[in-house]
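The values are calculated or read from the model by the stated rules, or taken from the named source; none is laboratory data. Worth saying up front: this structure is predicted, and the values here are computed from it rather than measured. So basically every Cβ, Gly included, is an ideal-geometry build from the backbone, and we count neighbours across all protein chains shown.
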Amino acid sequence: MDLWDPATEAISQTGLIGDGSGSMKFVKWTKSELPNLELGKSYLLRNLVTDEFQGRFSVKLNRTSQIEPLEKDVEAGLPTEPCSR
């Protein structure tokens with residue numbers, strides 16, 4: 001849904017992902033060596049790590065995570081909670 005400039009070299013991508021249930025922040029670690037997510041594309045994401053900081057949830061993609069492009073577009077809902085970058 002949105003991509004932001006990473007705050008550190010340890011992060012290769014960060015932004016906002018979503019599905020029909022809402023949206024939340026994601027972080028993809030540089031060491032994961034995963035392909036970049038592209039705006040406007042839909043993916044099936046597996047083996048994510050969930051995190052919570054100050055009442056806000058996010059997901060992290062690491063070496064065990066999997067990114068599978070989807071043929072069908074997934075419509076994203078509105079954020080389920082305010083997101084801070």
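Per-structure values
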read-out	value
Conditions (1) under 11 Å from the mean Cα position of the chain (by Cα); (2) surrounded by fewer than 10 Cβ atoms within 10 Å (Cβ to Cβ); (3) touching a residue at least 24 places away in the same chain (Cβ under 8 Å); number of the one not met by Thr50	(3)
Qualifying positions in region 23-33 - surrounded by 12 or more Cβ atoms within 10 Å (Cβ to Cβ) and over 12 Å from the mean Cα position of the chain (by Cα)	Thr30, Ser32
Leading residue by the ranking (modelled with the highest pLDDT) among those in region 29-75 that are in a loop (DSSP other than H, G, I, E, B), among the basic types (Lys, Arg) and more than 15 Å from Ile11 (Cβ to Cβ)	Lys41
Selected residue (criterion: farthest from the chain's Cα centre (by Cα)) from residues of region 2-16 that are under 17 Å from Gly40 (Cα atoms) and buried (at least 17 other Cβ atoms within 10 Å of the Cβ)	Gln13
Candidate set from region 76-85 (those that are under 14 Å from Met1 (Cα atoms) and exposed (fewer than 13 other Cβ atoms within 10 Å of the Cβ)); member that is modelled with the lowest pLDDT	Arg85
